1. Between residue 76 and residue 129, what is the FRET efficiency for a Förster distance of 22 Å, r being their Cβ-Cβ separation, to the nearest 0.05?
2. Quick one: 51, 86, fewest Cβ neighbours within 10 Å first, how do they rank?
3. So between residue 46 and residue 109, what do we pick up on full extension, going 0.36 nm a residue minus the alpha carbon distance?
4. In whole Hz and in residue order, list the ³J(HN,Hα) couplings for segment 30-39 that follow from phi through the Karplus curve 6.51 cos²θ - 1.76 cosθ + 1.60, θ = phi - 60°; x for Gly and Pro.
5. Starting from 0.36 nm per residue, how many nanometres of slack lie between residue 122 and residue 67 once their C-alpha separation is accounted for?
Amino acid sequence: MKARKLVLAAALVALMLNNPKAQNGSVKFYGPLSRFVTPSSGGPNSTILFCFDNPADSGIIGTIYDMRGSKVAQMSGNQPAAGTGCPQGGFLPQYVSWNGRGLSGSIVASGVYIYQIAVESQIYSGTVVVVR
């Protein structure tokens, strides 16, 4: 059973690394503004922003996974992105964010994490790094 989970997690990571962004439909995903987060630093890298142009104002749900495929954090929101540094494409710029904290609210361990963001019928994925 452990070997099967490891193979599935490795396949998921390989898929996400080979297709860091999927572009289709009316939503344009710009990706994270930074691929590094330093939780509780209070600096510019204390939160990662994932930016979109979202003309239909569709609901956005983001999830963070560890390299084993376990859910670490949930992101959601349709916040206006004005003043965040997100590209302004002329539609409805929005973002979701992650502050390097897990579901329990505590800071996660340093390492590589997988993000997966669902909006409309699209899934966007890639990796980010937590540095402590």
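1. Plugging the Cβ-Cβ distance into 1/(1 + (r/R0)^6) gives 0.50.
2. Fewest-to-most Cβ neighbours within 10 Å comes out as 86, 51.
3. This chain segment gains 21.3 nm when fully extended.
4. Here the 3J(HN,Hα) series is 8, x, x, 5, 9, 9, 10, 10, 10, x Hz.
5. 17.6 nm
Readers should treat all values here as calculations from the given coordinates under stated rules, not as data from a laboratory. Small disclaimer: the values here were computed from a predicted structure and weren't measured. Cβ sites come from the backbone with ideal geometry, for glycine too, and all protein chains shown count toward neighbours.
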